[in-house]
Amino acid sequence: MDEDLAHRFEAERPRLRSIAVRLVGPAEADDAVQDAWLRLEGAGADGIENLPAWLTTVVSRVSLDRLRARRTRDRSWHVEAWRDEPVAEQADPAELVARSDQVGIALKIVMETLSPAERIAFLLHDVFGQPFEEIATVLDRSTDAARQLASRARRRVRGAPEPSRAGRHEQRRVVDAWLAAAQGGDFSGLLALLHDDAVLNADYGATTQRLEGAEVIVGQAMLAGRLAANSLLVLLDGRPGVAAMMHGRVVSLMAFDIVDDRILGLEVLADPDRLADVGIPGMT
């Protein structure tokens, strides 16, 4: 091992981890930084004129790959039957703390609705001060395209509403209204339930889909309205959601991110392979 190179990397580690935490979250940040070290160890420092900039690019690219993988990798939701309020004695203490601290929740939801490229461009530029020329290299886009991605993300983040303390009762009202409007083909009703900048991400197995903007999402919801007639309210990883049923089987799951009694994000899982063994607790 090149000890001098290792020392130089360790000097950069806190900054690199800070970047990775903002990009992919603390759970994956250390792995992203370790990947950067392995790439540096394999490449060596020869030919690297600016090591901090090189490492920033590598960590950002690794993080970008991880963000993209989140959109396509196999995942499973913990599906629970709907209950109006959490059962206090079964609640996770960490979850209770998270519920009591409402600051930043809306921003967190907005960040999750950004595309990987938008998230990278916004955080690298607005938070870490990286020039768009370097960000363009990370994203393999033009400088103007990187600037536009950051601008679009910035508008969404600045527009993040202050979160209300809505409980399950209010969430249920929103989801019930969504199902009723979708089943009835009520375009205006659906539109009124969505934030203007709402985002829908869907995984159908062979393909994925990302829709941005309330009107575009409503158009898709109208096409899928027939599923609303056979949907059950459920909790998906603790989030309000619906399970669409056909012939006693789950054919799709939709999770809602609700802020201020309006829907900011929707996530759909409709991959038949991953849904094959999904059941709803309490159903026979």
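General remarks:
- Within the stretch 192-226, the set of residues being among the polar types (S, T, N, Q) and outside any strand (DSSP E or B) comprises THR207, GLN220.
- Neighbours by Cβ (under 9 Å, 6+ apart or cross-chain): first from the stretch 181-193, surrounded by fewer than 18 Cβ atoms within 10 Å (Cβ to Cβ); second in a helix (DSSP H, G or I) and not aliphatic (A, V, I, L, M): GLN183/GLY225; GLN183/ARG226; GLY184/GLY225; GLY185/GLY225; PHE187/GLU215; PHE187/GLY219; GLY189/TRP178; LEU191/GLU215
Conditions tested, residue by residue: (1) of a type in the set (Gly, Ala, Ser); (2) under 20 Å from MET111 (Cβ atoms).
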residue: ALA224; (1), (2): yes, no
residue: HIS247; (1), (2): no, no
residue: LEU253; (1), (2): no, no
residue: ASP261; (1), (2): no, no
residue: LEU264; (1), (2): no, yes
residue: ASP277; (1), (2): no, no
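- Neighbours by Cβ (under 6 Å, 6+ apart or cross-chain): first from the stretch 253-278, closer than 20 Å to LEU233 by Cβ; second assigned to a strand (DSSP E or B) and open to solvent by 40 Å² or more (accessible area, probe 1.4 Å): ALA255/ARG239; ALA255/GLU267
- Scanning the stretch 231-284 for residues that are under 20 Å from the mean Cα position of the chain (by Cα) and of a type in the set (Val, Ile, Thr) yields VAL234, VAL242, ILE258, VAL259, ILE263, VAL268.
- Of the criteria (1) modelled with pLDDT under 65; (2) among the basic types (Lys, Arg); (3) buried (at least 18 other Cβ atoms within 10 Å of the Cβ), which one ARG99 fails: (3)
- Selection of the stretch 227-284 for residues being hydrophobic (A, V, I, L, M, F, W, C), open to solvent by 50 Å² or more (accessible area, probe 1.4 Å) and not in a strand (DSSP E or B) yields ALA229, MET283.
The values are calculated or read from the model by the stated rules, or taken from the named source; none is laboratory data. Because the structure is predicted, anything quoted here is derived from the model rather than measured. Neighbour counts run over all protein chains shown; Cβ positions are idealised from the backbone, glycine included. For accessibility, only protein heavy atoms count, side chains too; no ligands or nucleic acids. Shrake-Rupley method; radii C 1.70, N 1.55, O 1.52, S 1.80 Å.
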